[in-house]
Amino acid sequence: MHVVLGRCGTVRFAGPTAQKIYPKGLIGRRFLDVFEIKRPREITDIESLYDRTGARLNLRFCDPPHRQLKGVVMEGPEVGQMTVNLSFGISIVDAVSEYKLTAADFAATDLTVEMLYLVEAKSAAMEASHQLNERLQVARVQAEEQALTDTLTGLRNRRAMDYELAEIISERQPFTLMHADLDFFKAVNDTLGHAAGDFVLQAVAKIMTDETREVDVVARVGGDEFVLLIKGTEDHILIDRIAQRIIKRLGEPMEFAGDVCRISGSIGTVIAGDYPQPTADLLLGDADAALYAAKNAGRSMHVFFQPDMRTASKIA
Amino acid sequence: MHGLINRGIQRFVTDSYGAAKWRAVTRSAGLDFTDFEAMWIYDDAVTPAVLAAVCDVLDRPYEELMEDIGTFLVSHAKVEALRRLLRFGGVTFIDFLHSLDDLPDRARLAVPDLELPRLELMERSAEEYSLRCYGEHAGWGYLFMGVLRAMADDYGVLAYLDHKGSEGGCEIVEITLLETQFASDKGFDLGARSA
């Protein structure tokens, strides 16, 4: 697009596209009343503009939104006249919709339409990639939900424990279920911070893993609650020995970043063989009742379930 | 084959025939997933297997199916982006036809690993053209015939299109312009970027 200026800097002629970009009408207006020349800075009046034929000009509209243009000034077409060739540069993307420009506003050799094509095509491709990222994010969240591992401790999580418990019940194999819970854990968290709390949970996980065999299942099923499935044994003495070892080690002071964390653990236990028809809900409920009885009996206790504990825990 | 192409086939089946038909297609083609990712590269063998499965499931001849996919890609409201990108090719339908030679390059400009078959337009008179399509797989000619039909409609042009078969690995589509102002042009606003 271009405009032709007379000797004193008044617009004599404006091409069809130039007319579009200044609807108030360019003809008869002083060029420097419409456009401000930002660079070269030396150009402050029309004479200095005319002295800079061929130079690359950075201009902007005096009116808001002060859209930027590029330009070059040349002599002609008639003696004493000057022609200013103008283009939008990269602000063309906004200018096209603002001034309703069409392909006819660009010369056949002008690559602006190609550039607009590219901007649009790239945006479409980016959008497709963006959607892929979003789907991957959703898939990741789903995968985490379906995961079987507690990420903090590396133990099995509640889901995994439910699955293992259902499996072991259906196989009708002898086993024992322990429900363990930490005492004073909240105090550690509150006074020494979450990092200390996390450290304690990891230490507890290690103790429980150490004191059980590979085939057994150790799961963290809540903040400071754990379930252990001891497979292949229903021997009270053996089970109590395992539980006592765990409780003893839980009660030993743990050192974290110069602070000593003191907790203890209580355990309630059910033996699958005590039930003619064991179900997961029944075993977990009764182990919970036994744990409740253990806590009531004082800290660091291990208690086997007795039927009278059901009502006792309900009343409480 | 680029995911954009496979995804296009999937969109055609799900939008026109429903998700259940698409699942039947993926089962029949032996895919171990249900959704194609647009920005992913798939094994070249996948696309012909999927197309064969679509023919089976919808019980439609291959050529007809390819043409319908071509039409769908341009004319369906949900894939407006492609119509717009093609409209950048020219202000008139004839300009657009001449821009087809550049189409694979234009596509690569936007998506560097997207490979489209080489196209060549022959002008026999102001009204008669033929498009030569050098596709690796047979059937691209029919797909472009569908695209051209939809684009003619978009430009408001009445055109007669005829697939002349293939010779030497190249399919030929004849285009005869009957009326250039048959219906109103659907319009192309340079600045109206679609998302």
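Suppose the filter is under 23 Å from residue B:82 (Cα atoms) and outside the structural domain of residue B:81 (by TED's automatic domain parsing); does residue B:144 pass it? So residue B:144 does not fit the description; no. If you go through the stretch A:142-161 and keep only what is out of contact with any Leu (no Cβ under 9 Å at 6 or more places or on another chain) and either of a type in the set (Gly, Ala, Ser) or not in a loop (DSSP other than H, G, I, E, B) (or both), you end up with A:142, A:143, A:144, A:145, A:146, A:147, A:154, A:158. Restricted to helices (runs of 4 or more DSSP H) entirely inside the stretch A:1-64, those with at least 2 residues that are at pLDDT below 90 and either under 51 Å from the mean Cα position of the chain (by Cα) or aliphatic (A, V, I, L, M) (or both) are A:16-21, A:46-50. Restricting attention to the stretch A:250-273, the residues being out of contact with any Gly (no Cβ under 7 Å at 6 or more places or on another chain) and either crowded, with 17+ Cβ neighbours inside 10 Å or aliphatic (A, V, I, L, M) (or both) number 14. Within the stretch B:154-193, restricting attention to residues that are more than 30 Å from residue A:96 (Cα to Cα) and in a loop (DSSP other than H, G, I, E, B), the residue that is farthest from the other protein chains (Cβ to nearest Cβ) is B:168. Against the list (1) farther than 22 Å from residue B:110 by Cβ; (2) free of Cβ contacts under 8 Å to residues at least 40 places away in the same chain, the condition residue A:99 fails is (2). The single condition among (1) among the hydroxyl-bearing types (Ser, Thr, Tyr); (2) touching a strand residue (DSSP E or B) at 6+ places or on another chain (Cβ under 8 Å); (3) touching a residue at least 60 places away in the same chain (Cβ under 8 Å) that residue B:134 does not meet is (3). Scanning the stretch A:124-141 for residues that are closer than 18 Å to residue B:82 by Cβ and more than 7 Å from chain B (Cβ to nearest Cβ) yields a total of 3. Quick one: in the stretch A:96-115, which of the residues that are more than 16 Å from residue A:86 (Cβ to Cβ), out of contact with any Leu (no Cβ under 6 Å at 6 or more places or on another chain) and at the interface with chain B (Cβ under 9 Å from one of its Cβ atoms) is surrounded by the most Cβ atoms within 10 Å (Cβ to Cβ)? It comes out as A:113.
Note on the stretch A:3-52: residues that are without any contact (Cβ under 8 Å) to a residue 12 or more places away in the chain and on the phi > 0 side of the Ramachandran plot total 1.
Being of a type outside the set (A, V, I, L, M), at pLDDT below 85 and closer than 30 Å to residue A:94 by Cβ, is that true of even one residue in the stretch B:108-122? No, every residue in the stretch B:108-122 fails to be of a type outside the set (A, V, I, L, M), at pLDDT below 85 and closer than 30 Å to residue A:94 by Cβ.
Looking at A:260, A:227, just one residue is of a type outside the set (S, T, N, Q) and farther than 22 Å from residue A:150 by Cα, and that residue is A:260.
Kindly indicate whether residue B:147 is closer than 15 Å to residue B:175 by Cα and in contact (Cβ under 8 Å) with a residue 40 or more places away in the chain. Judged against the criteria, residue B:147 is a match. Per the conditions (1) within 20 Å of residue B:117 (Cβ to Cβ); (2) touching a residue at least 40 places away in the same chain (Cβ under 8 Å); (3) under 15 Å from the mean Cα position of the chain (by Cα); (4) within 14 Å of another protein chain (Cβ to nearest Cβ), the sole criterion not satisfied by residue B:84 is (1). Selection of the stretch A:175-188 for residues being assigned to a helix (DSSP H, G or I) and surrounded by fewer than 18 Cβ atoms within 10 Å (Cβ to Cβ) yields A:186, A:187.
The single condition from (1) more than 20 Å from residue B:113 (Cβ to Cβ); (2) without any contact (Cβ under 8 Å) to a residue 40 or more places away in the chain; (3) within 19 Å of the chain's Cα centre (by Cα) that residue B:7 fails is (1). So, residue A:81, is that one within 14 Å of residue A:3 (Cβ to Cβ), of a type in the set (S, T, N, Q) and surrounded by 13 or more Cβ atoms within 10 Å (Cβ to Cβ) or not? So residue A:81 passes the test.
The values are calculated or read from the model by the stated rules, or taken from the named source; none is laboratory data. Not measured: the values here are computed from a predicted model. A quick note on method: Cβ atoms are made from the backbone with ideal geometry, for glycine too, and the neighbour counts reach across all protein chains shown.
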